[in-house]
Every structure is written in structure tokens, then in C-alpha cells.
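Colleague: Can you read through this structure? Questions will come right after.
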Amino acid sequence: MKLAVCVKEVLDSRLPLQVVPQTGEVTHLASARVTLINPSDRAALEVALMLKDQNPDSRVEVFSVCAAGEDNALYFALARGADSVERLAPDRHLAGPPYTALLLASRFANEKFDLICCGDETLDNSSAMVGPLIAELLDYPQLTGVTKVRECSCGKLLAERSLDRGHRELIEMELPGVVTFKIEAAEPRYVSVRRLEQARRREIAVRQLDIVPSKSRLPRWPDAEKKVPPRARVKRKFTPDSNLPPAERVKMIMAGGVAPQQSSQNSAILEGDSEYLSEQLFRFLRHHEFI
Amino acid sequence: MEQITREIEWNVTLWMQVFLYVGAFAGVLIAGWRLSRRYHVWKLGRSANVQVSIPRSLANAIAWILNRGKMPRDGFASLMHLLILWGFIILFIGTTLVFLERQTPLHFFYGPFYLVASAVIDLGGLGFLIGLGMAVYRRYVQRQPRLKASAWVGTLLGLMIAIGVTGFLLEGFRISVTMPGFEKVSFVGYGLALMFRAGGLATEELTRLHRADWLLHAALSIAFFGLATVYFFRHIIVSVLSVALRPTRARGALRPYELSPESNPSGSVFDMTWKDLLDADACTACGRCTSVCPATAAGKTLDPRGVVLKLSDLVSRHASRRDGTTPSAFDTITERELWDCTTCGACVYECPVDIEVFDKIIDLRRQLVDVGNISPAARGCLEGLEHRQNPWDYPPAQRATWSETLKLPGIVLGKKPEWIYWIGCAGAFEPSAQSISRAMVEILRQAKVDFVVLGSEERCTGDPARRMGDEGLFQRFRNKNLETFRRHGIHKIVTHCPHCFNTFKNEYRDGGEPEFEVIHHSQLLSHLISEGKIRLTGSTADKQVTFHDPCYLGRHNGEFTAPRTVVDSLPGMKRVEMPRSREKSFCCGGGGGQMWLESRGQQRVENVRLSEARQTGASLVATACPFCKVMLETASVTAGQQDQVKIKDISELLSETMER
């Protein structure tokens with residue numbers, strides 16, 4: 001099986017960031033640029049490598065649309081165990097998720113992959129467009145926001161998606177196809193500095209694709225007319241009404257404060273042996289869809 | 001006059017002699033062959049950074065044989081080993097003398113020499129048997145918990161006792177036939193001979209018994225030589241090698257990862273170095289390491305002796321496999337036990353045959369890290385180190401936040417301060433350690449010490465990265481920090497963190513001369529007190545305080561007196577020692593990355609230590625390490641004793657009682 005993984009380098013968002021007013025560029029405040037592989041791309045890479053572990057004949061190839069100095073994610077993938085990596089050099093003036101998707105799709109049109117794995121969204125743009133657009137351009141089936149791959153064999157993929165309130169759905173998809181993964185799809189492995197340095201000594205293949213996006217096929221990625229700095233505003237922290245019973249408060253917190261206030265008749269004090277109590281607690285949690 | 005000597009090989013026929021010589025030769029051959037097979041297996045290990053110097057190795061081995069190593073720490077075991085070893089050596093020399101007298105033209109075994117030699121050999125034999133008796137007592141009567149029952153050990157003891165007893169019987173039978181008066185010097189044999197005579201045994205019977213016993217004694221001795229390099233018996237020979245090749249680096253310095261940058265671990269047990277494999281064979285299974293291991297004491301899965309013995313077992317398995325496959329160290333050693341180690345070094349300190357116990361654990365961690373197979377907690381810590389230069393994963397820009405109100409002096413271009421006060425990540429980010437940094441600043445200012453801080457130019461020293469197995473990350477920190485020091489021309493560093501102290505002192509020099517001087521704050525504080533730069537006033541309330549030795553200050557770097565001097569100078573404080581203190585101090589449970597890992601097992605190491613501290617009756621535990629402080633404080637909270645016992649760093653105690 002041939003697996004393609006699309007990755008992107010992003011700025012480490014745990015370090016303080018700033019927008020340079022003149023250029024609109026986002027950089028790190030008071031420190032050198034620290035970049036990471038986009039977390040959900042990392043999960044996608046991890047899933048692909050896990051599939052390869054199950055089926056050693058597989059090949060994992062990693063692609064990134066980025067300029068020359070922004071290929072950290074590719075080195076990371078190499079260090080983590082990708083079979084090959086390739087940088088698709090973009091045309092500077094056409095940057096944006098649709099163009100990225102177009103480049104990747106035209107690359108995948110030349111060489112057929114059974115499964116194309118992407119992260120569901122990036123830390124910086126959060127457009128969540130690239131994966132679905134690749135699928136549309138190639139006319140492949142797509143699955144987005146996958147949280148777990150159950151099985152992948154015989155030209156089929158069985159995957160789980162998370163829905164609201166802990167519900168999950170199980171979907172089967174024919175291959176070839178495109179899947180975008182959420183961060184929780186795989187517990188990523190650590191990549192030691194030694195492996196990273198080993199990868200750094202290797203050359204990364206670069207491919208130049210001369211493609212002019214035909215506007216009819218791609219949604220337009222609008223340019224900002226004007227960038228407006230954030231307004232100063234009072235920080236408001238949501239706190240649930242302390243008069244509510246605990247379950248309602250938890251619900252409100254989970255819903256970000258928008259859950260409707262309900263009557264408080266749900267609360268009760270129970271007494272009994274531990275088996276009875278745990279049974280009741282389980283029912284309560286199940287009833288309120290906490291589990 | 002009666003000739004004072006004896007007929008060698010009296011009553012021994014030719015076929016008996018042939019049996020002895022052929023048998024002994026075969027025995028030695030088997031032993032040598034087995035040892036050479038082990039040698040070939042050791043050679044399959046990776047190369048080790050061991051500089052073999054023959055004079056030093058010989059000196060090590062001789063000193064050890066003379067019992068000057070770590071054996072005397074356990075008096076009974078030491079005496080036991082001394083008697084067995086020297087008894088054996090004397091008997092062996094005696095046998096060699098007899099052989100030389102008989103088989104070479106040399107003629108010396110008569111007269112006074114004969115008398116002295118006979119007496120000494122009898123004495124040696126008696127010591128040998130007494131030593132073995134002590135061993136039997138320790139194992140089967142006293143049943144010391146750390147000693148593992150094993151059929152092999154029983155066999156070895158039984159065999160040696162049988163050799164000793166048949167030897168004395170042999171002498172007794174021989175003397176009883178002729179009863180020469182001068183043989184009284186062979187006091188055991190003469191006594192036995194008298195008994196046989198008193199028992200009414202006829203000369204003919206005695207001669208027959210002598211012959212049978214001779215054969216038995218010879219057969220047992222041959223068996224002993226044949227078995228001398230099998231399983232447990234190997235330690236007799238291999239432990240001499242492990243002692244001779246004892247590492248020369250500072251005790252606190254971990255050895256580098258002996259893996260070339262291009263190669264990756266193959267997953268076999270031979271990813272360990274040859275020295276590790278040799279060490280594993282040298283293990284006597286005495287269990288001293290396990291008896292002092294904090295992880296074992298807290299009921300975790302780690303058993304240091306188990307790790308070493310499992311390695312030895314894996315090597316044996318390889319030797320017995322014919323299909324050419326090699327077992328992996330992780331076939332029997334679990335990840336969980338590897339991550340339980342606090343790198344406190346108690347095992348290495350205790351090991352009587354100088355096995356680098358926790359270095360093996362770290363090497364195996366390195367292999368796990370290299371394939372990325374580690375827990376999310378460990379990964380979070382290492383990635384925090386990689387991207388944010390501190391194991392707590394705080395933004396590096398917040399490093400100086402704790403000191404914003406203190407207006408600390410920073411580096412000024414063109415002006416060289418005397419001291420750099422290195423805060424360390426704990427002192428900068430961990431709230432209960434920040435108070436140590438504040439106290440230190442107050443003391444340094446009071447004593448008018450010329451110091452600056454590096455502020456946000458500080459980054460981790462790499463200690464946690466190295467001890468959690470990412471050697472590359474450690475090297476990166478090392479290079480960047482050295483670059484900072486060189487850029488600012490820094491030559492003197494004081495730090496309150498023993499982990500930073502140890503890494504700077506032992507791991508930043510890479511075998512060469514140190515580029516800068518580093519001291520621990522306890523050393524600076526005791527100096528300031530003795531110089532009179534800090535005067536102490538305070539209550540006369542008699543308060544009991546106990547000092548907890550941080551592993552990386554005490555055991556790893558041998559500094560026990562400076563922090564005690566500081567504690568003793570505090571007015572109104574009476575120092576009481578915990579049962580395990582100084583070199584034998586028990587870890588707080590925070591080292592080796594445990595600060596950021598999840599604690600699993602029946603108990604937490606810090607709770608074990610805190611209850612020990614509480615047993616001294618002290619209401620105050622002084623320590624000299626931010627990790628120890630945080631760990632023991634956590635223990636006091638989880639035990640609900642935060643009101644009864646306070647944990648403080650010596651600098652905090654000093655700044656509270658300092659005259660301002």
C-alpha cells in the first residue's frame with residue numbers, strides 16, 4: 001500500500017507570538033522562530049506509520065508545500081521514519097490553502113497513492129480546506145476529522161469520527177481516498193534530537209510544479225483588504241451559576257456557557273452500598289450523556 | 001633423626017595419578033573454553049569508552065583482592081569472603097607446592113619449611129571452612145532477604161565444603177597411618193588422626209579409606225574447576241575483571257552514548273557495550289543494589305539486580321541459540337522498570353564489584369528514546385526541553401518573571417563580575433523553588449558578593465534530557481551554554497541546584513580541563529559564614545532539624561560537610577541525622593527525570609523518605625536542592641503533615657536568621 005502524508009511547518013503557538021504591523025507577518029516575540037510540525041499533521045503521519053508497521057510492504061511518502069527554509073516538518077517526518085519526503089515549491093504570489101491543495105492534488109494525479117493522509121487543520125490558518133480540496137480535485141472519497149483508524153485493508157478503510165457529546169460514528173471508505181485526522185487520532189512518538197540531526201544530514205527532494213490555478217475549479221482565497229489590530233477589551237471569564245447543581249454546571253462549562261438553564265430537580269443525595277451507588281452514578285452519567 | 005617431610009602421593013597408584021592430572025587438565029580446559037565463549041559474546045557488544053590501562057587495572061584488582069574495596073561496609077560478609085578467598089588461595093598455593101616438589105627437580109618440602117607450610121595450609125583450610133560455614137549461616141539460617149535462594153549457590157557452597165572436609169580427612173588418614181610427632185603442626189589433620197586411632201581403625205582400613213577419600217577429593221576439585229565459569233560461579237573470575245576495569249570518570253558524570261551518529265540501535269541485546277555485558281557476568285547476585293534502591297523500597301517494578309541478571313541471562317540465551325537470532329534487551333527488561341530509576345546512584349555506590357548499574361538503565365532508556373517509544377509525560381518533558389529550553393514546558397520568556405521586583409544585576413558589556421548566579425529552571429519556574437532563589441539573592445546582597453544573573457539567557461543544563469535518554473538534546477544544551485559562557489567570559493558560577501552543579505562540574509568538560517569553576521551554594525554559604533560576611537542572629541528556641549542529602553550533591557559529588565556546616569551554624573537549631581544519611585542517603589524520588597514523570601507503584605519515594613525524616617523527631621527538614629524540596633514538600637502535603645513538618649533549603653534558613 002502506498003501512503004501519502006501532507007504536512008506543514010507551523011510556529012510554536014505556546015511561545016508568545018506577535019504580528020509585525022508593517023508586513024502582517026506573524027513571528028515569535030523576543031525569541032528566534034521555533035517551528036513544529038503541525039500537530040494534526042503529526043497525528044496523520046503517525047497513523048500512516050502505524051499502518052506501515054502493520055503492513056511492512058507499505059511505503060509512506062511525505063509532502064509539504066513550502067518555501068526552502070520552511071521544511072522543518074519534512075525533516076521531522078524523515079526523522080520519524082517516513083520512507084521519502086518531497087518539498088513542492090510554491091509560487092510565492094499564489095499562496096493560500098486552495099493553491100496548496102491544487103499543487104498537492106496535481107502531484108497525486110501523477111502518481112497514485114492508496115491513502116492520502118492530512119491533518120484536519122493547521123495551527124495557523126485553521127482553514128481545514130486542504131484535505132477536502134485534494135479529494136475534490138482528484139475526485140476521491142474523503143473522510144474528515146477522523147479520530148481513529150480501526151482497520152485498513154483490502155482497499156477499504158474503517159475509521160471512527162467523534163461527534164458531539166461523546167458520540168462516535170464508524171465509517172467505511174473505499175480506497176483510494178483522502179482522510180484528514182484530528183490530533184487525538186494517534187499518540188505521537190518522540191523523535192530524538194539524534195534522529196533529527198541524522199535527518200538533517202539528508203537531502204530533501206524538491207519538485208517544481210508549474211501550475212496556474214484555474215479559477216473556475218478553485219474557491220477564491222480572499223486577500224485581506226485591511227488588517228485590523230485587536231480592540232482592547234475587558235477579559236471576561238465564564239463562570240457557571242453556583243446555584244445550579246454540579247451536573248448542570250459541568251454541562252454549562254462543557255458547552256462554553258451556552259447551555260440552557262434547567263430546573264434543578266436532577267440532583268439528589270443517594271445512600272447505599274458501593275455497588276448500588278456506582279450503578280446509580282453510571283446511569284446518571286449515561287443519562288446525561290457524559291459517557 | 002627422623003626426616004621432617006612426607007612422601008608425596010603416598011598410597012597413590014599410577015592410575016589415580018593419571019585420573020587426577022587428566023581430570024584437572026580437562027576441568028581447566030572446560031572452564032577456559034566456557035570463559036572464552038563468554039569473551040566472544042562480550043565482544044559482540046558495542047565498543048565502550050573504556051581506556052584500559054594495565055597498571056591501573058592491576059592495582060584495582062590487587063587492592064580489591066586484598067579486600068580494600070567496598071566489601072568491608074558489610075562486616076560479616078566481608079569477613080566471610082576474606083576467609084573463603086584467602087583460605088582458597090592458601091590451599092591452592094599449598095597444592096601447587098606439593099606439585100612442584102613432586103614433578104620438578106626442585107626439592108624444598110622438608111624441615112622447617114615443611115612445618116611452617118603445613119601449619120599455614122591447615123590454618124587456611126580451617127579459615128576456608130569457617131568462611132563457608134558463615135555463608136551457610138547467612139543464607140540458610142539467617143536467611144537475609146536480599147540474598148536470592150538458588151540451587152546453583154547451594155551447589156557451589158556444598159562443593160566447596162566437601163572439598164575442604166575431604167581435604168582434612170585425607171590429611172587425617174595419612175597421618176594416622178604413621179603418626180609422626182612433628183605432624184602436630186598440621187593441627188586439624190593430627191586431631192583427626194588421633195580420633196581415627198581412638199576409634200580403633202586398623203592401619204589397613206585407614207589406608208583403604210585414604211585411597212577412597214583421595215579419589216573423592218580429586219573428583220570434587222576437578223568438578224570445581226570444571227564449573228568455575230558456569231552461571232553463578234563465573235563471578236569468581238569475572239568480577240575481578242569488572243573491578244579492574246572500573247570507570248575512571250567522575251561519579252556524577254554519565255557516560256556518553258556509544259553509538260555512532262549514523263547507526264541506529266538494532267534492537268538486540270548487543271546494543272549494550274561489551275563492558276555492560278562483562279559487568280552482567282560479574283554480578284554476584286548479592287542484592288546490595290536492590291537493598292538500597294529507592295524505587296524498589298517504594299514498591300515499584302525496578303529491581304536493579306534483576307536488570308543486571310536479566311542482561312546476563314539474555315547473553316546466555318544468545319550463546320545457546322543456534323539460529324543466529326539475537327534476543328533484545330526488551331524481551332525481559334520492561335520499559336516500566338527502566339523509567340522507575342531516579343539515577344540516585346545508590347546501586348553503583350553499593351556494588352562490591354563496581355558494576356555500573358544505573359548507567360545500563362540510562363543506556364536502555366536511550367534506546368527507547370531513540371525509537372520514540374516513551375510515555376506521553378516523558379515526551380512532553382523532552383519536547384518542552386527541545387522547544388522551550390526547560391523541562392516544565394514554560395515559555396522561556398517567563399524565565400525572569402520571578403525576579404522582576406528584585407531588579408537583579410544582569411551582564412553589563414565590558415564589566416566582568418566575579419560570580420554568575422545560575423538560577424536553573426526549578427529556581428525560575430517552580431514556585432516553591434523560587435523562594436530559594438529569592439533567599440539566595442538576599443544573602444548574596446547582604447554579603448556584598450559581586451554577582452550577576454543571566455536572566456532569559458539561561459537555559460536548561462541538559463541534566464534531565466541526558467538522564468531521560470536524549471543524549472543529542474543534552475549535547476545541544478551543553479554546546480549552547482558553553483557558547484553563552486564563552487561569549488560573556490564567565491569563569492565562576494554558583495548555583496543552588498545540585499543537578500545543574502553536577503552537570504556543569506562533571507559533564508561539561510568532556511574529559512578535558514574545565515572551562516569554568518562551579519560551586520554549589522552550600523559551599524559558598526559555608527565560606528561566607530566562616531569568613532564572617534554573614535552574621536546570624538535569632539531565637540534560641542531549640543528546634544530539631546534533620547538534613548536530607550541531595551544525591552547529586554552528596555553521593556555523586558562527595559559534598560557532605562558544607563551544607564551541614566551551614567545547618568550547624570544556624571542559631572537555635574539542633575541537627576539530628578536520619579538513619580540513612582551522607583553516602584547512604586535515600587533519594588527524594590525527583591532525580592533522573594522523575595520530577596516530570598508519573599509515579600507508579602505502591603508508594604512514592606518521597607513519602608518513604610519523609611516518614612524517615614519524621615522518625616527522627618525533627619519538625620524541620622533542611623535540604624540543599626530545589627528538587628528535594630519540591631518532592632518532600634509534596635510528600636508532606638499528600639501525607640497531610642504540612643503543618644507538622646517544614647521543608648526548607650539551607651539558603652532559606654540562612655536568610656531567615658541572617659543579621660541584616
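Colleague: Let me know the shape class of the stretch A:2-215, please: from the alpha-carbon gyration tensor, a ≥ b ≥ c as square roots of the eigenvalues, rounded when a/c is under 1.5, otherwise prolate if a/b is greater than b/c, or oblate. Please list the in-between numbers first.
Modeller: Details: a/c = 1.37, a/b = 1.31, b/c = 1.04.
It comes out rounded by the Cα gyration axes.
Colleague: Let me ask you something else. Under a point-charge model restricted to the Cβ atoms of Lys and Arg (+1) and Asp and Glu (-1), what is the dipole moment magnitude of the protein assembly as shown relative to its Cα centre, in debye to the nearest 20? Please list the in-between numbers first.
Modeller: Numbers: 116 positive and 105 negative charges, 279 e Å.
Computed about the Cα centre, the dipole is about 1340 debye.
Colleague: For peptide B:463-472, how many partner chain Cβ atoms fall within 10 Å of a residue's Cβ, on average? Don't skip to the answer; put the middle values down first.
Modeller: Details: counts 0, 0, 2, 0, 0, 1, 2, 6, 3, 7.
Taking the mean over all residues of the peptide, I get 2.
Colleague: Follow-up. Please compute, over every Cα-Cα pair in the protein assembly as shown, the percentage with a separation greater than 57 angstrom.
Modeller: Working: 133340 of 451725 pairs.
Percent of Cα pairs beyond 57 Å in the protein assembly as shown: 30.
Colleague: Is there a quick way to get the dipole size of chain B? I mean about its Cα centre, with the Cβ of Lys and Arg at +1 and of Asp and Glu at -1; what is the value in debye to the nearest 20?
Modeller: Numbers: 76 positive and 65 negative charges, 64 e Å.
The calculation lands at about 300 debye.
Colleague: If I model a spin label at A:Val228 and B:Tyr110 as a point 7 Å from the Cα along the Cα→Cβ vector, what separation in nanometres do I get?
Modeller: 12.1 nm
Colleague: Something else now. Lysine pairs in the stretch A:2-215 with Cα distance under 30 Å, only those 8 or more apart or on different chains: how many are there?
Modeller: Total qualifying Lys-Lys pairs in the stretch A:2-215 comes to 23.
Colleague: When the helices in chain B are scored as -39500 (n - 2.57) per DSSP H run of 4 or longer and the sum is shared across all residues, what 222 nm value do you end up with, to the nearest 500 deg cm²/dmol? Walk me through the numbers on the way to the answer.
Modeller: On the way: 26 runs with 344 residues, N = 660.
Estimated from H runs of four or more residues: -16500 deg cm²/dmol.
Colleague: Once amide H atoms are placed 1.01 Å from N in the peptide plane, what residues at a sequence separation of 5 or more from B:Lys543, or on another chain, have their amide H within under 5 Å of its amide H?
Modeller: B:Met573, B:Lys574
Colleague: A further question follows. What FRET efficiency would be calculated for the residue pair B:Arg37, B:Glu204, taking the C-beta separation as r and a Förster radius of 35 Å, to the nearest 0.05? All intermediate terms of the calculation are to be shown ahead of the outcome.
Modeller: On the way: r = 48 Å, r/R0 = 1.36.
Once the sixth-power term is evaluated, E becomes 0.15.
Colleague: Which of the listed residues, B:Leu632, B:Leu570, B:Ser611, is farthest toward the dipole's positive end in the stretch B:557-660, when Lys, Arg count +1 and Asp, Glu count -1 at the beta-carbon?
Modeller: Sorting the options by dipole projection puts first B:Ser611.
Colleague: Take each complete run of DSSP H in chain A, measure how far its Cα atoms stretch along the helix's own axis, and keep only those covering 15 Å or more with mean Kyte-Doolittle hydropathy at least -1.0; list them. Walk me through the numbers on the way to the answer.
Modeller: On the way: long enough: A:39-54 (23 Å, -0.12); A:97-110 (20 Å, 0.40); A:274-287 (19 Å, -0.61).
Taking the DSSP H segments of chain A (at least 15 Å long, mean hydropathy at least -1.0), we get A:39-54, A:97-110, A:274-287.
Colleague: Springs between alpha-carbon pairs under 10 angstrom, Gaussian network model over chain A: which of A:Lys148, A:Lys156, A:Lys251 fluctuates most?
Modeller: Among A:Lys148, A:Lys156, A:Lys251, the largest GNM mean-square fluctuation belongs to A:Lys251.
Colleague: What is the extension gain from B:Met179 to B:Val136, computed as 0.36 nm multiplied by their sequence separation minus the C-alpha to C-alpha distance, in nm to one decimal?
Modeller: Working: separation 43, 0.36 × 43 = 15.48 nm, distance 3.36 nm.
That works out to 12.1 nm of additional length.
Colleague: Another question, if that's okay. If we count other beta carbons within 10 Å of each Cβ, what is the order of B:His556, B:His40, A:His288, fewest first?
Modeller: Starting with the residue having the fewest Cβ neighbours, the order is B:His40, A:His288, B:His556.
Colleague: Please identify which residues in the stretch B:254-271 have an amide N closer than 15 Å to a label point set 7 Å out from the Cα of B:Asn479, following the Cα→Cβ vector.
Modeller: Taking a point 7 Å out along Cα→Cβ of B:Asn479, the residues of the stretch B:254-271 whose backbone N falls under 15 Å are B:261-262.
Colleague: Ordered by residue, what ³J(HN,Hα) values in Hz, to whole numbers, does the stretch A:165-173 give under the Karplus form 6.51 cos²θ - 1.76 cosθ + 1.60, where θ = phi - 60° and Gly and Pro are x?
Modeller: So the J values, rounded to whole Hz, are 6, x, 6, 10, 10, 10, 10, 10, 10.
Colleague: For the cross-link pairs B:Lys360/B:Lys505; B:Lys574/B:Lys646; B:Lys43/B:Lys360; B:Lys416/B:Lys492; B:Lys148/B:Lys584, which exceed 19 Å when the distance is taken from alpha carbon to alpha carbon?
Modeller: Working: B:Lys360/B:Lys505 22 Å; B:Lys574/B:Lys646 15 Å; B:Lys43/B:Lys360 17 Å; B:Lys416/B:Lys492 11 Å; B:Lys148/B:Lys584 23 Å.
Going by Cα-Cα distance, B:Lys360/B:Lys505; B:Lys148/B:Lys584 fall outside the 19 Å limit.
Colleague: If R0 is 45 Å, what FRET efficiency do you get for B:His491 and B:Asp542 from their C-beta distance, rounded to 0.05? Kindly include the intermediate steps, with their values, before the conclusion.
Modeller: Working: r = 43 Å, r/R0 = 0.95.
Efficiency computed from Cβ-Cβ geometry: 0.60.
Colleague: What is the sum of charges around B:Pro265, taking Lys and Arg as +1, Asp and Glu as -1, for the other residues whose C-beta is under 15 Å from the C-beta of B:Pro265? Walk me through the numbers on the way to the answer.
Modeller: Details: positive: A:Arg189, A:Arg194, A:Arg195, B:Arg46, B:Lys360, B:Arg365, B:Arg366; negative: B:Glu258, B:Glu262, B:Asp271, B:Asp276, B:Asp331, B:Glu335, B:Asp363, B:Asp370, B:Asp470, B:Glu471.
Here the count lands on -3.
Colleague: Still on this structure: Near B:Leu610, within a Cβ-to-Cβ distance under 15 Å, what is the net charge of the other residues, with Lys and Arg +1 and Asp and Glu -1? Walk me through the numbers before you get to the answer.
Modeller: Details: positive: B:Arg580, B:Arg604, B:Arg609, B:Arg614, B:Lys629, B:Lys646, B:Lys648; negative: B:Asp549, B:Glu606, B:Glu612, B:Glu633, B:Asp643.
Net local charge, B:Leu610 excluded: +2.
Colleague: Arranged from highest to lowest average of other beta-carbon atoms within 10 Å per residue, in what order do the peptides B:442-454, B:488-500, A:172-184 appear?
Modeller: Values: B:442-454: 18.3, B:488-500: 22.5, A:172-184: 20.2.
My ranking of the peptides, most packed first, is B:488-500, A:172-184, B:442-454.
Colleague: May I ask what percent, to the nearest 5, of DSSP beta bridges between residues of the stretch A:59-201 are antiparallel?
Modeller: Numbers: 13 of 26 bridges.
Of those bridges, close to 50 percent are antiparallel.
Colleague: Also: What's the extension gain from B:Gln17 to B:Glu513 if we count 0.36 nm per residue and subtract their Cα-Cα distance? Please report the intermediate quantities before stating the final value.
Modeller: On the way: separation 496, 0.36 × 496 = 178.56 nm, distance 6.16 nm.
Taking 0.36 nm per residue and subtracting the Cα distance, the gain is 172.4 nm.
Colleague: So for the stretch A:2-215, taking the charge dipole from beta-carbon charges (+1 Lys/Arg, -1 Asp/Glu), which of A:Asn125, A:Ala186, A:Ala77 sits furthest toward the positive end?
Modeller: A:Ala77
Colleague: Whole-Hz Karplus ³J(HN,Hα) for the stretch B:211-224, in order, using 6.51 cos²θ - 1.76 cosθ + 1.60 and θ = phi - 60°, x for Gly and Pro?
Modeller: After applying 6.51 cos²θ - 1.76 cosθ + 1.60, I find 5, 5, 5, 4, 5, 4, 4, 5, 4, 5, 5, 4, 4, 4 Hz.
Colleague: Treat every Asp and Glu Cβ in the stretch A:2-215 as -1 and every Lys and Arg Cβ as +1, leave all other atoms uncharged, and give the resulting dipole magnitude about the Cα centre to the nearest 20 debye.
Modeller: On the way: 27 positive and 31 negative charges, 99 e Å.
The dipole of the stretch A:2-215 has a size of about 480 debye.
Colleague: What is the set of long-range amide H partners of B:Arg46 at a cut-off below 5 Å, with H atoms built 1.01 Å from backbone N?
Modeller: Those lying under 5 Å, H to H, from B:Arg46 are B:Met272, B:Thr273, B:Trp274.
Colleague: A follow-up question, please. Sum up the charges of everything whose Cβ sits under 11 Å from the Cβ of B:Thr503, counting Lys and Arg as +1 and Asp and Glu as -1, but leave B:Thr503 out. Mind showing how you got there, number by number?
Modeller: On the way: positive: B:Arg466, B:Arg467, B:Arg478, B:Lys505, B:Arg509; negative: B:Asp463, B:Glu507.
So the surrounding residues net to +3.
Colleague: If you take each beta carbon of peptide A:182-191 and count the beta carbons of other chains within 10 angstrom, what is the mean?
Modeller: Values: counts 0, 0, 0, 0, 0, 3, 4, 5, 19, 9.
That average works out to 4.
Colleague: So if R0 is 56 Å, what FRET efficiency would B:Arg102 and B:Ala639 give, r being the distance between their Cβ atoms, rounded to the nearest 0.05? Show your work: numbers first, answer last.
Modeller: Numbers: r = 72 Å, r/R0 = 1.29.
That pair, B:Arg102 with B:Ala639, gives E of 0.20.
Colleague: Another question about this same structure. List the residues, sorted by chain then number, that are 5 or more residues from A:Val146 or on another chain and whose placed amide H is less than 5 Å from its amide H.
Modeller: Long-range HN contacts for A:Val146: A:Thr180, A:Phe181, A:Lys182.
Colleague: Using θ = phi - 60° and the Karplus curve 6.51 cos²θ - 1.76 cosθ + 1.60, what whole-Hz ³J(HN,Hα) does each residue of the stretch B:628-641 get, with Gly and Pro shown as x?
Modeller: Each residue's phi maps through the Karplus curve to give 4, 4, 4, 5, 5, 5, 4, 4, 5, 6, 5, 8, x, 10 Hz.
Colleague: Between the stretch B:105-137 and the stretch B:455-515, how far is it from one alpha carbon centroid to the other, in angstrom?
Modeller: One Cα centre to the other: 57 Å.
Read-outs: derived from the displayed coordinates by stated rules, not from any lab. This structure is a prediction, so every number in the text was calculated from the model and none was measured. Cβ coordinates were reconstructed from backbone atoms using ideal geometry, including for glycine residues, and neighbour counts include every protein chain displayed.
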